[in-house]
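Comments concern the structure below.
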Amino acid sequence: MKQRTAHPYRDLDVIDARGPRFNQATIGILALASFATGWWPLLAILAAQLAVGLVFGRRYCLPCLVYFELVQPRFGEGPLEDARPPRFANILGAVVLGAASLAHVIGLSTIGWALGLLVAGLALLAAVTGICIGCELYRLSAHRRGIRSHRLDEVELSELGVAPDGDMVVQFTHPLCTDCRTLEKRLRSEGRRVVTVDVSKRPELARKYGVALVPTAVAVRAGGR
């Protein structure tokens, strides 16, 4: 088995980016199969499976198990990303599939199939292209809830153990986040002074500054402003 950087069932802050796409492909194909066969209870099964995985963790998500136990060991770990956007996308998927199932139960089959096909289309779009609408909605919400909405005017550099002796970039990061490492490398290659804040070790700072997504980088002038 190829070596993993992040344990799939313990390092829950991050996820192999290929895992959600595998899950999305599974959901999309099965939702289409439900429409093709006319067997709408499959939509309810998919909604229930998503809900079980969200509540009890990746060990109880069947597509996740297939990916992490069979696919990833064979082909290796992909880039690691923040686990919150795909989790939010799964929540949306479970809600819409649940609504589709309810529509079928009360006799609104046209609405039920429309919702089921919506999930199938968006899931397959994400699986094939990497464009995850639910993930983008989370990121948009995170930016609105995060630093921008807090109007971050000052960073207390003393909390970071940094002397206020020049301009710098404060980057909120996670040690297993691939995008975080890429951003830090790019900033350093540009000659920027980078101070990293590991949100897994300093969650109180992430809460204080309203950081809802990693990587988040803030340009700070001397003195913390």
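The values are calculated or read from the model by the stated rules, or taken from the named source; none is laboratory data. Every value quoted in this text rests on a predicted model; they were computed, and no experiment measured them. Neighbour counts are summed over all protein chains in view; Cβ atoms, including those assigned to glycine, are modelled from backbone coordinates with ideal geometry.
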Go through segment 1-42 and report how many residues are surrounded by 15 or more Cβ atoms within 10 Å (Cβ to Cβ) and under 23 Å from the mean Cα position of the chain (by Cα). 22
Of the conditions (1) in contact with a Ser or Thr (Cβ under 6 Å, 6 or more places away or on another chain); (2) over 30 Å from Leu176 (Cα atoms), Leu115 fails just one. Which one is it? (1)
Which residue pairs have Cβ atoms closer than 7 Å, lie 6 or more positions apart in sequence or on different chains, and pair a first residue in segment 98-111 that is farther than 18 Å from Ile27 by Cβ with a second residue that is among the small types (Gly, Ala, Ser) and modelled with pLDDT under 95? none
Selected residue (only one of Thr37, Thr26, Thr5 is touching a residue at least 12 places away in the same chain (Cβ under 8 Å), of a type in the set (Val, Ile, Thr) and over 22 Å from Ile131 (Cα atoms)): Thr5
Of the conditions (1) assigned to a helix (DSSP H, G or I); (2) in contact (Cβ under 8 Å) with a residue 60 or more places away in the chain, Gly78 fails just one. Which one is it? (1)
Could you list, in sequence order, the residues of segment 32-46 that are more than 18 Å from Val66 (Cα to Cα) and either touching a helix residue (DSSP H, G or I) at 6+ places or on another chain (Cβ under 6 Å) or assigned to a helix (DSSP H, G or I) (or both)? Leu32, Ala33, Ser34, Phe35, Ala36, Thr37, Trp40, Pro41, Leu42, Leu43, Ala44
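Out of the helices (runs of 4 or more DSSP H) lying entirely within segment 99-190, which hold 2 or more residues that are at pLDDT 85 or above?
Correct list: 109-129, 133-145, 178-189.
Look through Ala219, Ala212 and report the one residue that is under 19 Å from Glu81 (Cα atoms) and either touching a residue at least 24 places away in the same chain (Cβ under 8 Å) or crowded, with 16+ Cβ neighbours inside 10 Å (or both).
Ala212
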